[in-house]
Each structure stands twice: as C-alpha cells, then as structure tokens.
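The values are calculated or read from the model by the stated rules, or taken from the named source; none is laboratory data. The structure presented is a predicted model; accordingly, all values stated were derived computationally and were not measured. Glycine gets a Cβ as well: all are built from the backbone with ideal geometry, and neighbour counts include every protein chain shown.
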C-alpha cells in the first residue's frame, strides 16, 4: 500500500522502482508460461491437423500421435519451468498429462469433423 501511495506522489526511489519492475517482469513471464500450458497444445494440434489434412492427406495416424505427444510435452515443459516446489510440479504433471491428452483427442475429432467434414 505504501508503494502505491508513494508512486502516486512520485516519490519512489530507484531501488523500489527496480523491485516493482522485477515483480512485473516475473508476472509477465509466468503469464506466458500459463499461456503455453493452456493454449499451446491446442494451437500445435490445430496447426498440425490443418497442415496434415489439407489439401491432401499425407500424414498417417502415427504422426497424429507424435503431434499429440509434442503438444503435451510443450505444456509439461512449461509446468517444469514454473517456480514451484518439485512435489507440486510432479502433482501437476500427473494431473495435467492425462487431462490434456483426453481434451486434445476430443478437440482433434471435433476440429477435423468441423473443418474437413470427416466425422466419426
């Protein structure tokens, strides 16, 4: 609260400015990691599905599994880079991997059905 009042008055010293800038930088980096964890896998799978099925199908189902693995690995690496304890990272990974794999499989089915008309 004191920092906000001093900032409003324009009386911040350089050390306080450095600390507030460092805190802001940490928040921005953490937000990027959360974006990589949540949006990154879906974006990778969507780009792969478009490139692999349009204009002709030239990838196999084996490459679909590789793309899913790469997408989940991106999120897992982002979780590993978070500034939390090792136990929390392991718990997050144990929960994250099966949930994201399930979501990505359903996402890929709906995406291919909606975009290319290949429904099950």
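Just need a number here: residues in the range 85-101 that are assigned to a loop (DSSP other than H, G, I, E, B) and surrounded by 14 or more Cβ atoms within 10 Å (Cβ to Cβ).
Final tally of qualifying residues: 0.
Given the conditions (1) surrounded by fewer than 17 Cβ atoms within 10 Å (Cβ to Cβ); (2) in a helix (DSSP H, G or I); (3) in contact with a helix residue (DSSP H, G or I) (Cβ under 9 Å, 6 or more places away or on another chain); (4) at pLDDT below 90, and given that residue 82 satisfies all but one, which numbered condition is not satisfied?
Unmet condition: (2).
Do we have any residue at all in the range 17-38 that's under 21 Å from residue 109 (Cα atoms), at pLDDT 55 or above and in a loop (DSSP other than H, G, I, E, B)?
no
Of the residues that sit in the range 47-74 and are touching a residue at least 40 places away in the same chain (Cβ under 8 Å) and part of a helix (DSSP H, G or I), which one is nearest to residue 99 (Cα to Cα)?
68
Where residues in the range 49-65 are touching a helix residue (DSSP H, G or I) at 6+ places or on another chain (Cβ under 8 Å) and at pLDDT 75 or above, which of them is surrounded by the fewest Cβ atoms within 10 Å (Cβ to Cβ)?
Looking at the filtered set, the residue picked out is 54.
Take the range 102-120 and flag every residue that is surrounded by 15 or more Cβ atoms within 10 Å (Cβ to Cβ) and under 16 Å from residue 70 (Cβ atoms).
Within the range 102-120, 104, 107, 108 meet the criteria.
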